[in-house]
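K.L.:
Structure provided below as structure tokens; questions to follow.
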Amino acid sequence: MQDVAAGAVVIAFAMAVLVALSRIPTAKYQAISPDLFPRVCALALIASGIALMMRGLLRNGPAWPPWRGVVLVVASVVVFGVVAPRLGYAIAGFLTMVIAGLAAKDAKPLKLVIFAAGMIAFSVALFSYVLKVPMPAFALRGLGV
């Protein structure tokens, strides 16, 4: 439980850094902007936070509190709202499904990741290619990459 909470705090901090960095004007792809290194560090922190959370979920530790379902479902909606405009609906949807899926008591992280990947592949094929909905499945807006 401590690893999961610590990972969530690390991710929240990194997301706050990315939001703060969004006010700095970025350069074109060929030039290095002054916010490149902080953005890379924030993205590395997010990856580390996810790894820390997964380690906490895969270990047999103390039981989760009874309110974990509500917290994880609300957190998944917040993550979608923050991530979708910046990275696209595919990455945001994947994170949303994984985070919300962890609210179930019998959730198996590997099966959850495989299911989310399959659902996102289906949704990208349906919305982007079949229905031609004009929303970006993958975007790197606001990250400076």
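The values are calculated or read from the model by the stated rules, or taken from the named source; none is laboratory data. Quick caveat, the model's predicted, so the values are computed rather than measured. Glycine gets a Cβ as well: all are built from the backbone with ideal geometry, and neighbour counts include every protein chain shown. Keep in mind that these areas ignore ligands, DNA and RNA; they rest on the heavy atoms of the full protein, side chains included. Shrake-Rupley method; radii C 1.70, N 1.55, O 1.52, S 1.80 Å.
K.L.:
Given contacts defined as C-alpha pairs under 8 Å and at least six residues apart, what's the relative contact order of the chain, whole-number percent? If you can, show how the numbers build up before the last one.
P.N.:
Working: 160 pairs, mean separation 38.5, N = 145.
Relative contact order comes out at 27 percent.
K.L.:
So what's the angle, to the nearest 10 degrees on a 0 to 90 scale, between helix 68-87 and the longest Cα principal axis of the chain?
P.N.:
Once rounded, the angle reads 10 degrees.
K.L.:
Can you send over the solvent-accessible area of Arg39, 1.4 Å probe, protein chains only, in Å² to the nearest 10?
P.N.:
Counting only protein heavy atoms, the figure is 10 Å².
K.L.:
Need one number for the chain: average projected area of the convex hull over its C-alpha atoms, nm². Provide the component values of the computation, followed by the final result.
P.N.:
Details: hull surface 37.9 nm².
For the Cα atoms of the chain, the hull's average projected area reads 9.5 nm².
K.L.:
Once you have the Cα-Cα distance between Val113 and Ala44, take 0.36 nm times their residue separation minus that, and quote the gain in nm to one decimal. Let's see the in-between values first.
P.N.:
Values: separation 69, 0.36 × 69 = 24.84 nm, distance 2.01 nm.
Full-extension gain reported as 22.8 nm.
K.L.:
Ignoring ligands, DNA and RNA, what percent of the 1.4 Å accessible area of the chain is carbon and sulfur?
P.N.:
On the way: 6940 of 9260 Å².
Solvent-exposed carbon and sulfur of the chain make up 75 percent of the total.
K.L.:
When you count, for each residue, the other Cβ atoms within 10 Å and take the mean per peptide, how do 82-95, 7-20 rank with the highest first? Could you put the intermediate results ahead of the total?
P.N.:
Working: 82-95: 19.1, 7-20: 16.8.
Most protected by this proxy first, the peptides run 82-95, 7-20.
K.L.:
Taking the Cα atoms only, what angle lies between the long axis of helix 36-58 and the longest principal axis of the chain, rounded to 10 degrees?
P.N.:
Long axis of 36-58 versus the principal axis of the chain: about 10 degrees.
K.L.:
On a 0 to 90 degree scale, rounded to 10, what angle separates helix 2-21 from the longest Cα axis of the chain?
P.N.:
The angle comes out at about 20 degrees.
K.L.:
When the helices in the chain are scored as -39500 (n - 2.57) per DSSP H run of 4 or longer and the sum is shared across all residues, what 222 nm value do you end up with, to the nearest 500 deg cm²/dmol?
P.N.:
Helix contribution divided over all residues of the chain: -21500 deg cm²/dmol.
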